Structures are given as structure tokens and as C-alpha cells.
Amino acid sequence: MLDLQTAPPETAQLAVAPVITARGLTKSYDRRSVILRGVDLQIQPGERIALIGSNGCGKSTLLKCLIGLHPISGGELDCLGARMQGGGSRAERQRLRQQTGFVFQKHCLVRRRTVLSNVIHGLFGAPGSWRAFSHSIAPEPWRQRALEALDAVNLADKAMMRADALSGGQQQRVAIARALVRRPRLLIADEPAASLDPVSGRNVMDLFQSLCGGQGITLLFTSHDMKHALDYATRVVALKQGRVLFDKPSGRVSQSDLNETFHG
Amino acid sequence: MADPRPLPTPDRMGGLSPAAFAALVTVGALVLVSMNNVAPSLGQLADGVPGMLRLVGRMLPPNTEADFLARIALRILETFQIALAGAAIGIVLSLPIAWLSARGLSPLGRGAFLVKAFVSLLRTIPDLVWALLFVATVGLGAVAGTMTIMVDTIGFCGRFFAEAMEDAEREPQEALRAIGANRASVLVGGVLPDIMPSLINSSLFALEKAVRSSVVLGLVGAGGIGQELKVAFDLFQYRNASMIILVIFAIVLLMELCTDKLRARVR
């Protein structure tokens with residue numbers, strides 16, 4: 001099984017510092033399309049956070065801002081020690097992404113490559129990462145690490161199959177293995193179960209819970225499935241029109257909270 | 001109760017604006033004027049038939065002398081080498097050029113259009129003109145032919161590779177960027193595998209095109225079988241010419257069969 005020890009924190013201070021601190025975070029693409037309107041959020045190491053809200057409320061944008069895929073427009077953002085004002089410097093983005101795994105809604109695998117190569121792609125950005133292009137030129141320790149990640153998601157036997165030959169659920173598990181192979185401290189998942197049937201979706205969420213819960217990886221995921229949000233998260237953060245509507249432990253989220261999030 | 005009023009019938013020319021109609025009439029007029037000026041008349045065609053039959057008669061039977069065939073074989077080999085070397089170098093050089101010119105992927109940002117314009121320039125100038133230029137600069141022979149094919153291939157593949165890169169799936173690229181992959185890694189890890197069938201198809205077309213082009217380059221002194229064909233016509237050796245045309249036909253047909261088979265296997 002994969003040794004999912006997370007990357008060692010650089011200082012003792014980092015080990016206890018929040019993983020994410022956002023204050024007054026704003027994001028707009030132009031004057032008319034303001035997506036985030038002053039988001040305050042703090043996430044501690046090891047937490048599992050569900051980000052919920054209607055379509056277009058800014059969930060995916062917030063996730064992408066956290067790792068500098070979209071530069072923020074205003075406010076303060078500190079993610080794993082990297083200050084991401086204006087998207088952060090290239091070096092900071094690189095350092096941050098080294099410690100972060102990102103799972104997309106539509107798994108986003110390179111469909112014509114093998115499962116093993118896709119998982120090894122997770123090591124792009126590491127020194128010598130041009131060899132992460134394909135499993136056939138990757139160093140042996142990387143191949144081994146990728147196989148262990150595949151084993152952790154029960155797909156080691158599919159390593160040499162083409163990615164597009166797998167089912168949607170299996171492809172999502174490969175995407176999770178790709179995120180895990182870099183031994184992240186923070187795992188971000190944007191509606192990881194949205195494109196899956198209920199059983200596959202539940203399996204994927206179980207996998208997140210066991211892998212992250214057991215190894216102390218901080219998990220931040222978005223979901224439209226309230227059962228997933230309440231069952232698998234320790235805390236639920238609701239966004240509405242680009243602002244945090246509520247931020248509370250999942251056990252204390254009431255039906256009226258959900259009604260206000262989606263209807264009110 | 002049914003409405004007694006008749007249903008409004010759609011306008012017969014509803015999809016055609018007055019401007020479009022005027023443009024259509026202008027193009028039609030241009031075609032007719034051009035045909036009147038340069039297309040053969042029925043009388044000219046009728047007059048040409050006996051001449052064509054006489055020429056075909058002088059071309060038959062094709063020359064099958066062993067010495068001649070050996071000379072042709074060497075020229076065909078040279079032609080094939082010109083096509084293969086020129087296309088291979090052109091295809092390899094097209095990849096970075098296409099990357100530099102691909103919108104949304106190019107490290108040059110908005111400067112990508114300059115590279116695109118350069119590729120257009122290579123494509124716009126016909127291969128025989130390139131051959132004349134290279135014969136004038138590097139001299140008569142196969143090297144000029146190879147350089148011509150190379151430039152022609154860059155013009156062709158540079159455009160199609162860039163278009164394929166621009167059309168590649170965006171999601172895997174974003175996923176790789178989220179991981180921390182740089183531009184080159186996104187290209188090699190995400191874009192190229194996705195567009196590989198398109199790259200292979202374009203490359204095979206380029207090779208096919210290179211073989212067809214290389215047989216005529218000899219007409220302007222850039223090596224290959226075309227040189228023999230020109231000599232045969234210049235010296236009225238029509239039986240030699242017919243043999244060369246048959247060999248060219250066989251080579252191009254063989255090439256097309258091979259590339260068709262390879263294309264069918266790409267998925």
C-alpha cells in the first residue's frame with residue numbers, strides 16, 4: 001500500500017499554521033462579472049471541508065484561486081504558506097502546487113496515455129520532471145510510487161490500460177491516484193462525484209475519507225450532493241453570490257441552512 | 001375550428017441577402033469571363049485529340065531497356081530520398097514552430113501571430129518557386145530538392161499541427177497546470193498525446209505530398225526523377241517519358257496505399 005506520508009513541513013510553525021487563510025477574497029473577470037465578493041475562510045490541517053452552493057456561486061473559482069490557476073482580484077490569501085496576491089509569484093505557485101493535489105469534476109486525464117503514465121504526470125513540477133511525460137522514461141522509483149498510488153485506489157491491475165478504456169468511476173480514481181502520487185498536504189476536489197453514478201460517487205467519496213482521514217491530508221471539496229457534504233466533511237462552508245453564507249461543523253447544518261443556501 | 005387564413009409561406013430566397021446575391025452573381029460572371037478567355041473551346045478540344053493520339057502512339061511501348069531502367073531506378077531512389085529526408089526534417093521542425101504559433105499555448109503570447117504569418121509565407125510560395133530559389137543558392141541537385149520539400153512541409157504541417165494544438169482538449173491541460181506543470185510539460189504531457197492521431201495523419205499527408213512534389217522538382221534542376229522526364233521530353237524520347245510516367249504513377253500509388261493503410265490503423 002502507498003505510504004501516504006505527507007511532505008514534511010518546512011518549519012514547525014507551518015505544521016500548526018492554518019493550511020488556508022483567506023480574508024476579504026475577491027475575484028472578478030470584469031466590472032460586470034464579480035464572482036467572489038469578500039470571502040473569509042480559514043482551514044486547519046487535517047480538516048475535511050465541503051464547499052456548497054448553487055451553480056455560479058463561485059465554488060470552482062474559489063478552488064482555482066487557491067492554487068493560483070486564477071489570480072485573485074483583491075483581499076488576502078495564504079495557502080500552505082504561499083501568499084497568492086495577484087496569483088502569487090511563479091516560484092510560490094510552483095511550491096504550493098508541489099504540496100497540493102487537485103481532482104477535477106471530469107477527471108481530466110490524458111485519455112490516449114496509459115493509466116500509469118497519467119498517474120506519473122502527477123509528478124510534473126518536481127525536479128527532472130520532464131521524465132514524468134511517460135512511464136516508459138520515468139525513473140524506477142517514480143514508477144513504483146505511481147503503482148503504489150494506483151494500488152491505494154485499487155487499480156494497480158489496470159496500470160497498462162489506456163485511460164479512456166476505463167469507466168468514469170475508475171477514471172476518477174486514477175485522477176485521485178494522480179493527485180496522491182505527489183504526497184500532498186492539501187487535496188482539492190471540484191465536484192469529484194458529479195459525473196459518476198450514485199454508487200461510484202459514494203465509492204470515490206469513501207476513498208477520499210479513508211485516504212485523507214487516515215493520513216492527515218486536508219481535504220477541500222465542492223459538492224451538489226448534500227448527503228456527500230454532510231457525511232464526508234467535518235465542516236461545511238456555504239457560498240451564496242460570492243460570499244460565505246455560513247461556515248459550521250457538518251453535524252450542525254440544518255435543513256433551513258440548506259434551504260437558505262439554495263433557495264432563500 | 002381551423003383558421004381560414006392560409007399559413008404564411010416562407011420566402012423562397014429568404015436565406016440570401018441582397019449583398020450575398022450580388023456577390024454570387026459577380027463570382028458567376030467572373031467564372032464565365034475566365035472560361036471565355038482561357039478555357040479550351042470545343043473546336044480546340046476536337047483539334048487536339050488527333051495530336052494527343054499521335055503523341056500517345058509515339059510513347060508506346062514504354063522503353064524497358066535494362067540500362068534505362070537501371071538509371072531510372074537510381075533516380076527514383078533519389079526522388080524517394082528527397083521526399084523522405086525533406087518531409088522528416090520538415091515534420092520535426094514543424095512541431096516547435098506550430099507550438100510557437102498556436103493560440104493559447106504559445107510561449108510568445110500575442111507574438112504567436114508573427115510565427116503564424118511566417119508559416120503562411122512558407123505555404124503561399126509554390127514549391128517550384130522554392131526549388132528555383134534553392135537551386136540558385138545551393139546549386140543544381142538533390143540538396144535543393146530536399147530543402148524545397150522541407151520548407152513546403154513546414155508550411156503544410158506547421159499550420160495543421162498548430163490547429164490541432166489549438167483544438168486539443170483543454171481540461172487535461174488545466175489539470176496538468178494545476179499540478180505545477182510548465183508550458184513545455186503541458187505540451188508534451190497533455191497536448192501532444194491528445195492530438196497524436198491528427199499529427200500522424202498530417203505527417204502522412206505531408207509525406208504523400210512530398211513524394212508527389214519531389215517528382216516534379218527535377219523540372220527546375222532540383223534533383224530526382226523529374227530531371228529525367230524533362231530530358232526525355234526535351235529530346236523527344238517519348239518512349240522513355242512514358243516509362244518514367246508509369247514509374248511515377250506506381251510510386252505515388254504505392255505511397256498512397258501505404259499511407260492509407262497506416263492512417264486506418266491510427267486511433
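Points to keep in mind about this one:
- One residue alone among B:LEU132, B:LEU114, B:LEU128, B:LEU140 is loosely packed, with under 14 Cβ neighbours inside 10 Å and either among the hydrophobic types (A, V, I, L, M, F, W, C) or within 27 Å of B:ILE195 (Cα to Cα) (or both), and that residue is B:LEU114.
- Any chance A:ARG173 is in contact with a Leu (Cβ under 8 Å, 6 or more places away or on another chain) and either at pLDDT 90 or above or more than 20 Å from A:GLN44 (Cβ to Cβ) (or both): yes
Each row is one residue, and each column tells you yes or no for (1) polar (S, T, N, Q); (2) modelled with pLDDT of 85 or more; (3) under 17 Å from the mean Cα position of the chain (by Cα).
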position	(1), (2), (3)
A:ILE188	no, yes, yes
A:VAL199	no, no, no
A:PHE208	no, no, yes
A:GLY214	no, no, yes
A:THR218	yes, yes, yes
A:PHE221	no, yes, yes
A:LEU230	no, yes, no
A:VAL236	no, yes, yes
A:GLN241	yes, yes, no
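- Here B:GLY226 clears all of (1) at pLDDT below 90; (2) more than 19 Å from the chain's Cα centre (by Cα) except the condition numbered (2).
- Candidates B:GLY223, B:GLY218, filtered to the one that is away from every other protein chain (no Cβ under 14 Å), assigned to a loop (DSSP other than H, G, I, E, B) and closer than 13 Å to B:ALA83 by Cα: B:GLY223
- Tally, over region A:97-120, of residues that are at the interface with chain B (Cβ under 8 Å from one of its Cβ atoms), among the hydrophobic types (A, V, I, L, M, F, W, C) and not in a loop (DSSP other than H, G, I, E, B): 1
- Complete set of residues in region A:85-96 that are of a type outside the set (A, V, I, L, M) and either within 10 Å of another protein chain (Cβ to nearest Cβ) or surrounded by 23 or more Cβ atoms within 10 Å (Cβ to Cβ) (or both): A:ARG90, A:ARG93, A:GLN94, A:ARG95
- Among the residues of region B:147-186, those identified as assigned to a helix (DSSP H, G or I), under 19 Å from A:ARG93 (Cα atoms) and either of a type outside the set (S, T, N, Q) or more than 9 Å from every other protein chain (Cβ to nearest Cβ) (or both) are B:PRO172, B:GLU174, B:ALA175, B:LEU176, B:ARG177, B:ALA178, B:ILE179, B:ARG183, B:ALA184, B:VAL186.
- Filter pass, A:ALA163 being within 12 Å of chain B (Cβ to nearest Cβ), hydrophobic (A, V, I, L, M, F, W, C) and farther than 22 Å from A:GLN98 by Cβ: yes
The values are calculated or read from the model by the stated rules, or taken from the named source; none is laboratory data. The structure displayed is predicted, hence computed values, not measured ones. So basically every Cβ, Gly included, is an ideal-geometry build from the backbone, and we count neighbours across all protein chains shown.
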